[in-house]
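Before any comments, here is the structure.
The values are calculated or read from the model by the stated rules, or taken from the named source; none is laboratory data. From a predicted model like this one, the values you see are computed outputs, not experimental measurements. For neighbour counting, all protein chains shown are included, and Cβ atoms are generated from backbone atoms with ideal geometry for every residue, glycine included. Protein only, heavy atoms only, side chains kept; ligands, DNA and RNA dropped before computing areas. Shrake-Rupley method; radii C 1.70, N 1.55, O 1.52, S 1.80 Å.
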Amino acid sequence: ETGVTQTPRHLVMGMTNKKSLKCEQHLGHNAMYWYKQSAKKPLELMFVYNFKEQTENNSVPSRFSPECPNSSHLFLHLHTLQPEDSALYLCASSQDLAANYGYTFGSGTRLTVV
Amino acid sequence: DAKTTQPNSMESNEEEPVHLPCNHSTISGTDYIHWYRQLPSQGPEYVIHGLTSNVNNRMASLAIAEDRKSSTLILHRATLRDAAVYYCVSNSNSGYALNFGKGTSLLVTP
């Protein structure tokens, strides 16, 4: 357990489904992130939140909708996904956006779109 | 975004030191150099980071070149549990997040 908890660990969804990924941290961190890791590819930054406010959207398609109700929780709402969206979705948190802080990652949600 | 270049894979014998290189010639003067590692079926794990001086912690040492165009992660005695993908990480253009490259897959053999 790293201090960042992601649920569910595995998710299979159809292309017409709507589902949500949840991330929770009780480390007292103020910044939270969503990354996508496809097979054989580097981690891709998706969204950045700081004190609940979105500070970066890395040109992510609108079928991915993030929500950050407070500094401890981060959601990724999914709808009408494509098979190529199948990947490991990783949440991370850090004390601040400042570059000298390390990130704590969750174990990820393995998403399969059928 | 600042780019990092690492070898695709490296191999080490157990209980021997491992030196994992990284080139980051376009890094800015204020960007920290971070290292993470990822074990199978897990999220990345923080290893170490530094700016200019060499850094040590319980997991590893980080040697940063004087010109900051390269760095080396040093595992002093590799164990089988150190087999992982090691990422040398730079800041995104915005500076708000970390950009991960392809990393180096480290194989440790008994």
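Restricting segment A:88-114 to residues that are outside any strand (DSSP E or B) and of a type in the set (S, T, Y), which is nearest to the chain's Cα centre (by Cα)?
Taking segment A:88-114 first, the residues outside any strand (DSSP E or B) are A:95-103, A:106-108, A:114.
Retained after the next criterion (residues that are of a type in the set (S, T, Y)): A:101, A:103, A:107.
Numbers: A:Y101: 19, A:Y103: 13, A:S107: 11 Å.
Looking at the filtered set, the residue picked out is A:S107.
Residues being more than 14 Å from chain B (Cβ to nearest Cβ) and either touching a Pro at 6+ places or on another chain (Cβ under 8 Å) or open to solvent by less than 30 Å² (accessible area, probe 1.4 Å) (or both): count how many of those fall in segment A:78-89.
3
Any idea which residue in segment B:43-86 is least open to solvent (accessible area, probe 1.4 Å), counting only those that are farther than 30 Å from A:R9 by Cβ and touching a Pro at 6+ places or on another chain (Cβ under 9 Å)?
So, considering only residues that are farther than 30 Å from A:R9 by Cβ and touching a Pro at 6+ places or on another chain (Cβ under 9 Å), the one least open to solvent (accessible area, probe 1.4 Å) is B:S71.
Which one of these is of a type in the set (S, T, N, Q) and away from chain B (no Cβ under 14 Å): A:S71, A:S107?
A:S71
If a residue must be assigned to a strand (DSSP E or B) and over 20 Å from B:P44 (Cβ atoms), how many such residues does segment A:12-49 contain?
5
Please work out which one of (1) among the hydrophobic types (A, V, I, L, M, F, W, C); (2) under 19 Å from B:N99 (Cβ atoms); (3) open to solvent by 30 Å² or more (accessible area, probe 1.4 Å) is the condition A:A92 fails and give its number.
Tallying (1) among the hydrophobic types (A, V, I, L, M, F, W, C); (2) under 19 Å from B:N99 (Cβ atoms); (3) open to solvent by 30 Å² or more (accessible area, probe 1.4 Å), A:A92 fails exactly one: (3).
Can you find a residue in segment A:3-10 that is among the basic types (K, R), within 20 Å of B:V89 (Cβ to Cβ) and out of contact with any Ser or Thr (no Cβ under 6 Å at 6 or more places or on another chain)?
no
Report, by residue number, each residue of segment B:51-63 that is within 14 Å of chain A (Cβ to nearest Cβ) and part of a strand (DSSP E or B).
Listed by number, the residues that qualify are B:V55, B:L62.
Looking only at residues in segment A:4-41 that are surrounded by fewer than 16 Cβ atoms within 10 Å (Cβ to Cβ) and closer than 21 Å to B:Y87 by Cα, which one is nearest to the chain's Cα centre (by Cα)?
A:S38
Every residue, every condition in (1) in contact with a strand residue (DSSP E or B) (Cβ under 9 Å, 6 or more places away or on another chain); (2) among the small types (G, A, S); (3) part of a loop (DSSP other than H, G, I, E, B); (4) buried (at least 21 other Cβ atoms within 10 Å of the Cβ), yes or no:
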site: B:K3; (1), (2), (3), (4): yes, no, yes, no
site: B:P7; (1), (2), (3), (4): yes, no, yes, no
site: B:S12; (1), (2), (3), (4): yes, yes, no, no
site: B:L20; (1), (2), (3), (4): yes, no, no, yes
site: B:S25; (1), (2), (3), (4): yes, yes, yes, no
site: B:R37; (1), (2), (3), (4): yes, no, no, yes
site: B:S41; (1), (2), (3), (4): yes, yes, yes, no
